[in-house]
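Trainee: Sending over a structure as structure tokens; questions will come in a sec.
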Amino acid sequence: MREYNFREIEKKWQTRWVKDKTYQVHEDETRKKFYVLNMFPYPSGAGLHVGHPLGYIASDIYARCKRQQGFNVLNPMGYDSYGLPAEQYAIQTGQHPEKTTIENIDRYRSQLDKIGFSFDWDREVRTCSPEYYKWTQWTFQKMFSSWFSKDVQKALPIEKLVEHFQEKGSAGINAACSEELHFTSDEWNSWDAGKQSDVLMNYRLAFLGETMVNWCPRLGTVLANDEVVEGVSVRGGYPVEQKKMRQWCLRVSAYSQRLLDGLETIQWSDSIKETQKNWIGRSEGTEVEFRIAETNETFTIFTTRADTMFGVTFMVLAPESELVGNVTTAGQKAEVDKYLSYVKSRTERERMIDHTVTGVFSGSHAINPFTGEKIPIWISEYVLAGYGTGAIMAVPAHDSRDYAFARHFGLPVIPLIEGADVSAGSYDAKEGIVCNSPAAGKVSLQYDGESLVLNGLTVREAIAATKEFVERHKIGRVKVNYRLRDAIFSRQRYWGEPFPVYYKNGIATMIPEECLPVELPKVDNFLPTESGEPPLGNAQVWAWDEAGRKIVDKSMIDEKTVFPIELYTMPGFAGSSAYYLRYMDPHNDKALLSEQAAEYWQNVDLYVGGSEHATGHLIYSRFWNKFLFDIGISKKEEPFQKLINQGMIQGRSNFVYRIKDTNTFVSYGLKDQYDTTPIHVDVNIVRNDILDTEAFKAWRPEYETAEFILEDGKYVCGWAIEKMSKSMFNVVNPDTIVDRYGADTLRLYEMFLGPVEQSKPWDTNGIDGCHRFLKKLWQAFWDKDGNLRLTDDTPTAENMKSLHKLIKKVTADIETFSYNTSISAFMVATAELTGQKCYSRHVWDKVIALIAPFAPHIAEELWHAMGNETSVCDAPWPAYDEKYLKESNVRLGVQFNGKVRFDMEFPADATPQEMTSMALAAPEAARYLEEMQVVKTIAIPGRIVNIVVKPARS
RNA sequence: GCGCCUGUGGUGGAAUUGGUAGACACGCCAGACUUAGGAUCUGGUGCCGUGAGGCGUGUAAGUUCGAGUCUUAUCAGGCGUACCA
């Protein structure tokens, strides 16, 4: 007997792999590449728990398998190392974030190293290292000097736009922009540098914009939409308010259509694609111009229900709309002002939760371009300034929000669909036959002798007809709107990438490329300055001269030739948006990556990570990559070809039950007989829900004198599924598991827990099964004296069948990530082969090659024990042969009327006709045929024999 | 409200994609071995029934010779999103 000493084995091979550089990868034109990537972690102070490595293990298995199948596999790892927690910690303790970040990284690394991943650590990246963020800054500068042409749907150099402005002004430019501008070339040429810069900001892909931002006073910074949930910050849960600020923004919205179209070309889960589609929010509609009766000015609204033009009974403006001032009449001014200050007093959170109807009449009226009727213009917070034009036409009969508003303020409701009952609520469905358009006795205004009549059409037809009419008579235009907003790219924080920007006479100017990176300066105070500047204002090294040289002394800023630098930093998603490209060529200091590396690695073939990034990182990355694709850096339009979303691992908490006002604890099964309080107990002193009472007494001083009421001599704990967190004492550290069972057992068990994509609770209870399996596998190799038991025997047909069944199953499972069933298959195959007393090395070397991706350490040990010199990482992936799987006889169920009645043996190659007659002739069939008549027979070789009978006619 | 996903033993989960439901593992029960252990091995384990047999994949219909799988309705849970006109 030789013991399975996993500690020794795992340590031995982990050391050897490092020494032999087993996982180092190089571009190799002779082999096909395969790029496997995990979402890199933010190294938090809490370290890894067993949930974190789940995705890494799954992708590592896949990567190792691909390598054995002959691919040149890139499987890198790094750290998303800028972020708020390190900064918050720094504010509290004065520890520099760089110090804590590096400590956390080292801790992560040592935890990861124990699990036996095949990462190429020579390619590690850290978003906070200057060599890395140089290229984040570089990309930002490229975005700054680009604009987006809607005609070619592509980013182009800003110089081209400037040339156009010089020659033709804004005419003929169809660009993504903040607002539509119209000017001539003469106007452009007459403007000074400041004005020209302002105008160009309207077009740049990275631009300064006055925007409403999510301002979090507690954090002292701006947050992106995906960093705010239900009006509070994701990090910390602090209230968030709306505030207008001048911010760096990325024109993500320019790429809306491409981001939408790209989804069709990638293999992501439907739910993530759907989430992104909703986030992009394409909606096809119509813009219609309305004239204000009092002032004769016009304004534009956006609607998807152009068919309801004849049911408009009022207009509504968003309170923030610039039109509000124009339409408010003197008589209504007091009322309107009162309402506006009310709206301003409401926080974003209140507005989100509380949907009570509020609003105020502006005093003005609009003219419906189809009926000529005067309709009142109202102001209400239910209309959002940021979507469409910030103004709507209200059709209370067919929109529930307009309906609620109309009922509240007593405004008329005109139904436009036959049979629609609007006495209790609006009829929102886009179905039915249009009527009242125009209503009997009313007219539809004429345009060029034509008038619009929709009566009798379906809603669909009416929308199309109205669009066409509006377009042709220039009452408005067909318009596609997207919900996707531009990303706000400034943060008022310290621990992030500094902007490579300085302000020359107030004009934002890029620091020359050769001066990059602009390094993050050391500061000793991470809070905003006394004058309210962001934390970077505390730095003393911040200024640049006209030639782009760094000036060390900030006091020189007032002199004419020295200019202040941008004090904002970039948000978390800046560094994580293109890290997958940097892994391809991580040490390149001349370019983000070389042309050759980009051509070879192309894009990520398999990306593994959590679905919580669906509307954040996974959108920004796609945007960022599309931009880099446009400027020729990235070679594929989509960064991540296939995406697997690993599920979350929840915690499984254990409880003890204390009898009220005592220090006595009662076992789970008896707790109902007492008045008890459940108390979380550390899951690490509980095994299979049985409490280690001695460990419990030692756990905390107050339990030292604890007494227990046991059942069957044991203390049984209760349990619940909760989030894995320190406060619930349910955090399981992978180190503990590795120490007790070994990395191979941990890897196997994490996969055995269930499908990778499913969320599931961690339950250490089942782990013995996987450990037992590895022991059995180990024992299969050694005789009772501890010598290798394998022989050169030719395997039997039975051996080959067990082996090839396994190869087939595992090979198929690898591609579908069904690793839990693969492990079952290993268990079955090992049991079968040992049961067959099969010790042929021709069988076992294939078994080891198959299991190597799952349990690399034990596989490597056994692989070498069998006399192999090279690493099992390069063991060829076995191919299976169907011929071994064929059986001479097959046992099939014989059904009568769809119900299986008995089993019988059939020759494997029997035809359906033969199978049927054999089944009918079987003695067991007789009782089902008594007084019954065969109506029909269905026989499928290898599957089933079914005989349909019905009572014979008398 | 809208969108997406999931409902199978005491538990985690299988089911060759429409063909003998419950593989594999945990747990539990019984037994073996043993200077009691949280070790190992063997057998059993969906539910009801002594039994033959019957019932069983959230619920209810439907298609089919045959449905966990397809269709419709409905209930429950989860995730995302939210006054997007």
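Values quoted throughout were computed directly from the atomic coordinates according to the rules given, and no laboratory measurement underlies them. Please read all numbers here as calculations on a predicted model, not as lab measurements. Ideal geometry is used to build each Cβ from the backbone, glycine not excepted, and the neighbour counts take in all protein chains shown.
Trainee: Could you pull out every residue, at least 5 positions away or on a different chain, whose amide H is within less than 5 Å of the one on A:I417? Hs are placed 1.01 Å off N in the peptide plane, and Pro or chain starts have none.
Mentor: A:C435
Trainee: On C-alpha positions alone, give me the angle between the axis of helix A:53-68 and the longest principal axis of chain A, in degrees, nearest 10.
Mentor: For A:53-68 against chain A, the angle is about 70 degrees.
Trainee: Kindly express, to the nearest 10 degrees and within the range 0 to 90, the angle between helix A:97-113's C-alpha long axis and the longest C-alpha principal axis of chain A.
Mentor: Helix A:97-113 sits at roughly 30 degrees to that axis.
Trainee: Can you tell me the Rg and Dmax of segment A:1-67, counting just the alpha carbons, in angstroms?
Mentor: Spelled out, the Cα radius of gyration and Dmax of segment A:1-67 are 15.8, 47 Å.
Trainee: Moving to a separate point now. For A:Q650, what residues show an amide H to amide H distance below 5 Å, using hydrogens built from the backbone and excluding near sequence neighbours?
Mentor: For A:Q650, the qualifying residues are A:K760, A:W762.
Trainee: Separate question: With 10 angstrom as the radius, rank A:M212, A:M201, A:M724 by how many other C-beta atoms surround their C-beta, starting from the fewest.
Mentor: Lowest to highest Cβ neighbour count: A:M212, A:M201, A:M724.
Trainee: Next question. So in segment A:593-744, what percent of DSSP beta bridges are antiparallel if you round to the nearest 5? Don't skip to the end; give the middle numbers.
Mentor: Numbers: 17 of 25 bridges.
If we restrict to bridges inside segment A:593-744, about 70 percent are antiparallel.
Trainee: For A:K642 and A:D28, what does the FRET efficiency come to when R0 = 22 Å and r is the distance between their Cβ atoms, rounded to the nearest 0.05? List each step's numbers first, then the result.
Mentor: Working: r = 22 Å, r/R0 = 1.01.
Taking R0 as 22 Å, the efficiency between A:K642 and A:D28 is 0.50.
Trainee: With only Lys, Arg, Asp and Glu charged, each at its Cβ (+1 for the first two, -1 for the last two), find how big the charge dipole of segment A:912-954 is about the Cα centre; round to the nearest 20 debye.
Mentor: Values: 5 positive and 4 negative charges, 39 e Å.
About 180 debye.
Trainee: FRET efficiency for A:T300 and A:E373, Cβ-Cβ distance as r, R0 = 25 Å, nearest 0.05? Write out the running numbers ahead of the final one.
Mentor: Details: r = 19 Å, r/R0 = 0.75.
So the FRET efficiency works out to roughly 0.85.
Trainee: Explain nothing, just compute: Karplus ³J(HN,Hα) = 6.51 cos²θ - 1.76 cosθ + 1.60, θ = phi - 60°, for every residue of segment A:480-495 in order, whole Hz, x for Gly and Pro.
Mentor: 9, 10, 10, 7, 4, 9, 5, 8, 7, 10, 9, 9, 8, 10, 8, 7
Trainee: Shifting gears a bit: DSSP loop (so not H, G, I, E, B), at most 16 other Cβ within 10 Å: list which trypsin sites (Lys or Arg not before Pro) in segment A:689-729 pass both filters. Write out the running numbers ahead of the final one.
Mentor: Numbers: sites: A:K697, A:K714, A:K723, A:K726; in loops: A:K723.
Passing both the DSSP loop test and the Cβ count: A:K723.
Trainee: In percent, what relative contact order does chain A have, based on Cα pairs under 8 Å that are 6 or more apart in sequence?
Mentor: On the way: 1755 pairs, mean separation 120.3, N = 954.
Rounded, it is 13 percent for chain A.
Trainee: Next question. Ranked by Cβ crowding within 10 angstrom, fewest neighbours first, how are A:K936, A:K626 ordered?
Mentor: With the fewest neighbours first, A:K936, A:K626 line up as A:K936, A:K626.
Trainee: Any idea what the dipole of chain A comes to, in debye rounded to 20, about its Cα centre with Lys/Arg Cβ at +1 and Asp/Glu Cβ at -1?
Mentor: Numbers: 108 positive and 129 negative charges, 289 e Å.
Dipole magnitude for chain A comes out near 1380 debye.
Trainee: Quick check for me: using +1 on Lys/Arg Cβ and -1 on Asp/Glu Cβ, what's the dipole size of segment A:745-896 about its Cα centre, in debye to the nearest 20? Don't jump to the answer; show the numbers that get you there.
Mentor: Details: 17 positive and 20 negative charges, 103 e Å.
Once rounded to the nearest 20, the dipole reads 500 debye.
Trainee: Rounded, prolate or oblate: pick one for segment A:71-161, where a ≥ b ≥ c are the square roots of the eigenvalues of its C-alpha gyration tensor, a/c under 1.5 means rounded, and failing that, prolate if a/b is larger than b/c, else oblate.
Mentor: Working: a/c = 3.59, a/b = 1.55, b/c = 2.32.
Note, shape of segment A:71-161 comes out oblate.
Trainee: Taking θ = phi - 60°, what integer Hz values does the Karplus form 6.51 cos²θ - 1.76 cosθ + 1.60 yield along segment A:754-760, in sequence order, with x for Gly and Pro?
Mentor: Karplus values, whole Hz, x for Gly and Pro: x, x, 4, 7, 9, 7, 7.
Trainee: In µm²/s, what is D for segment A:345-487 at 10 °C and 1.306 mPa s, where D = kT/(6 pi eta Rh) by Stokes-Einstein and Rh is the Kirkwood radius from Cα pairs?
Mentor: Values: Rh = 17.2 Å.
For the chosen part, D equals 92 µm²/s.
Trainee: Quick one: how many lysine pairs does segment A:667-817 have with C-alpha atoms less than 14 Å apart and a gap of 8 or more or different chains? Give me the count, please. Could the numbers behind the result be given before it?
Mentor: Values: A:K671/A:K714; A:K723/A:K760; A:K776/A:K784; A:K801/A:K809.
Taking the Cα cut-off of 14 Å, the pair count is 4.
Trainee: Give me, ordered by chain and number, the residues 5 or more places off A:R493 or on other chains with an amide H under 5 Å from its own placed amide H.
Mentor: A:T569
Trainee: Let me ask something else about it. How large is the translational diffusion coefficient of chain A in µm² per second when you combine the Kirkwood radius over alpha carbon pairs with Stokes-Einstein at 25 °C and 0.890 mPa s?
Mentor: 73
Trainee: Let me ask something else. Quick one: Karplus J couplings for segment A:640-649, per residue in order, coefficients 6.51, -1.76, 1.60, θ = phi - 60°, nearest Hz, x for Gly and Pro?
Mentor: Taking θ as phi minus 60°, the curve returns 10, 5, 10, 10, 10, 9, 6, x, 7, 9 Hz for segment A:640-649.
Trainee: What does the helix-only formula give at 222 nm for chain A: each DSSP H stretch with n ≥ 4 adding -39500 (n - 2.57), the total divided by the residues, and the result rounded to the nearest 500 deg cm²/dmol? Please list the in-between numbers first.
Mentor: Values: 29 runs with 305 residues, N = 954.
Taking each H run of at least 4 residues, the total per residue is -9500 deg cm²/dmol.
Trainee: Moving on to the next point. Positive end of the dipole of segment A:282-368, charges at C-beta (+1 Lys, Arg; -1 Asp, Glu), about the Cα centre: which of A:V316, A:S283, A:N296 has its Cα farthest in that direction?
Mentor: Of the listed residues, the answer is A:V316.
Trainee: Additional query: Going by how many other Cβ atoms sit within 10 Å of their own, how do A:T870, A:T466 line up, fewest first? Walk me through the intermediate numbers first.
Mentor: Working: A:T870 11, A:T466 27.
Result, fewest neighbours first: A:T870, A:T466.
Trainee: Something else about it: To test your reading of the geometry: what angle, between 0 and 90 degrees and rounded to tens, separates the Cα axis of helix A:130-144 from the longest principal axis of chain A?
Mentor: 40
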